[in-house]
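Contents: one structure, followed by commentary.
The values are calculated or read from the model by the stated rules, or taken from the named source; none is laboratory data. All figures in this text were calculated on a predicted structure; none of them were measured in a lab. Ligands, DNA and RNA are excluded from the accessible area calculation, which covers all protein heavy atoms including side chains. Shrake-Rupley method; radii C 1.70, N 1.55, O 1.52, S 1.80 Å.
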Amino acid sequence: MILDRAVVRSIAHLARLELSAAEEEQYLTQLEHILEYFETLSEVETTGVEPATDMVEAPEIFRADVVTNGPAEEEFLSVAPARFGRFFRVPKIIE
């Protein structure tokens, strides 16, 4: 891809950035270096290399989402001032 200042202005417009002429030139140079680096990377022989998402294989850190200490319903209801079956009974607040 050939970059020029119009491309930089277009990207800046999409990003809602206002760039000065000096900043456009600076970003143009930086973007050219980035694209050159990607061209260098594309020359690397990767045939037979499995895609990787992590550089180091990490152990599974997530546990199963299982409730092990659920609420003790009877214990909660035993301290309620009033109850109706398995519910708290509260005074009516809306007339």
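Report, in degrees rounded to the nearest 10, the 0 to 90 angle that the Cα long axis of helix 21-42 makes with the longest principal axis of the chain. Taking the Cα atoms of the chain, the angle to 21-42 is about 90 degrees. Measure nothing fancy, just the Cα-based angle from helix 5-14's long axis to the longest principal axis of the chain, in degrees from 0 to 90, nearest 10. It is inclined by approximately 10 degrees. Taking only protein heavy atoms and a 1.4 Å probe, the accessible area of the chain is 60% carbon and sulfur.
Only Cα pairs under 8 Å and 6+ residues apart enter the sum, and on that basis the relative contact order of the chain stands at 15 percent.
A helix-only calculation puts the chain at -12500 deg cm²/dmol for mean residue ellipticity at 222 nm, using -39500 (n - 2.57) for each DSSP H run of at least four residues, averaged over all residues.
Using a probe of 1.4 angstrom and keeping all protein chains present, the accessible surface of the chain works out to 99 square angstrom per residue. Given the alternatives (1) 76; (2) 69; (3) 55, percent of Cα pairs over 17 Å apart as computed for this entry is given by (1).
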